[in-house]
Amino acid sequence: MVDIKSMSLEELTAWFKDRGEPAFRAKQVFRWLYRGVTSFEEMSNLSKTLRRKLAETCTLTPPTVARKQVSAQDGTIKYLWRLADGSCVESVLMRYQHGNTVCISCQVGCRMGCAFCASTVAGKVRDLTPAEMIDQVLFSQIDSGVPVSNIVLMGIGEPLDNFDTVLRFLTLVNHPDGLNIGMRHISLSTCGLTEQIDKLALHELQLTLSVSLHAPDDETRSQIMPVNRSVGVEKLVDTCRRYFEKTGRRISYEYAMIDGVNDADWQADLLARRLKGAPAHVNLIPLNEVEESPLKPSRRVAAFRKRLEDHGITVTVRRKLGGDIDASCGQLRRRAMREDSP
Ligand code: SAH
């Protein structure tokens, strides 16, 4: 069976041509897919025969809502989607002044092993397909009635560990007949896979690359992020510098503030030294507590911020949205896994 929704318009056009159908059919079908149809039967401007043929040869696997939580505080909506094979992933729809943003997942689980993250507790089950990523954006909008203008790849999974799928996803959401969302409205967050960052740089996309740094020294970073053991902070920051030189896009460094682990003054000083001279932006994230982890939120966020600013670094502190609904990535899936297991 053909995963028709993971195809580009060009591929779809060639596919239809091979089957003796005119090119405009491909565009008609492509448009239907991005209107969020859940069956080929709904494609009412195609002949009944063609609709039947498509249903016989292609899969269309829209997710269903397994759980949904709406924050009473700020309207943030969290979706737990059930995919065709029964796996679950999360998306979060956040309302910001600069536009509604959906945070989506790219894998079922994660194999990166970060000590503070709920997504990685049970490891990685599988990669998502491009269609499964698109559907999170599409069906969050359809279910909520809230139009989305921004996408962040900061849900479950490591985007650069599912590289080809993520690249295809980006092309599809960017397409005028697809979701038509501009690259500058997309952020991709990575734990810092340097080879893949170099590979991504070659595409010179205008998206924002966020790098989860979380510590400026190898000892601390390797302790909380196993991925650091083979890379190291210096090589990662050098790679980011190269990325900036190639793409002209300023890197955003994420830094989850953990009590007694990465929030000391000397770490702020070292962080500032590491980032000197390259346009960068540090986003401090108040740690979300995860049930499976002993790590606690830092009480030094303001002091750490000031120290970085005194060194001339641009800093923001992430506003906490959906605090009442487990909105940190991976938490709702974990909860459902705990409650659903006997
Ligand atoms: N794998 C990607 C994207 C996933 S998570 C990455 O590592 O960047 C998106 C961001 O949330 C990352 O910066 C991640 O480190 C952070 N994060 C994960 N768990 C968190 C928690 N419990 N509290 C605060 N931030 C967390």
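The values are calculated or read from the model by the stated rules, or taken from the named source; none is laboratory data. These figures come from a predicted structure and were not determined experimentally. Methodologically, a virtual Cβ is constructed for each residue, glycine included, from the backbone with ideal geometry; neighbour enumeration extends over all protein chains shown. Ligands, DNA and RNA are excluded from the accessible area calculation, which covers all protein heavy atoms including side chains. Shrake-Rupley method; radii C 1.70, N 1.55, O 1.52, S 1.80 Å.
Looking across Arg51, Arg31, one residue alone is out of contact with any strand residue (DSSP E or B) (no Cβ under 7 Å at 6 or more places or on another chain), in contact (Cβ under 8 Å) with a residue 12 or more places away in the chain and assigned to a helix (DSSP H, G or I). It is Arg31. Restricting attention to region 191-203, the residues being open to solvent by less than 20 Å² (accessible area, probe 1.4 Å), within 12 Å of the ligand (Cβ to nearest atom) and over 18 Å from Arg318 (Cβ atoms) number 2.
Among the residues of region 204-222, at least one is open to solvent by 40 Å² or more (accessible area, probe 1.4 Å), in contact (Cβ under 8 Å) with a residue 24 or more places away in the chain, under 28 Å from Leu138 (Cβ atoms) and not in a strand (DSSP E or B). None of Val233, Val261, Val173 is within 16 Å of the ligand (Cβ to nearest atom), open to solvent by less than 20 Å² (accessible area, probe 1.4 Å) and in contact (Cβ under 8 Å) with a residue 24 or more places away in the chain except Val233.
Could you list all residues from region 301-335 that are within 16 Å of Glu254 (Cα to Cα), at pLDDT 85 or above, assigned to a loop (DSSP other than H, G, I, E, B) and open to solvent by 30 Å² or more (accessible area, probe 1.4 Å)? Matches in region 301-335: Arg318 only. Residues in region 176-190 that are away from the ligand (no atom under 16 Å from the Cβ), open to solvent by 20 Å² or more (accessible area, probe 1.4 Å) and either touching a strand residue (DSSP E or B) at 6+ places or on another chain (Cβ under 7 Å) or among the acidic types (Asp, Glu) (or both): Asp177, His185.
Residue pairs whose Cβ atoms lie under 7 Å apart, sitting 6 or more positions apart in sequence or on different chains, and linking a residue in region 264-275 that is among the hydrophobic types (A, V, I, L, M, F, W, C) to a partner that is open to solvent by 60 Å² or more (accessible area, probe 1.4 Å), are Ala268/Arg307; Ala272/His311.
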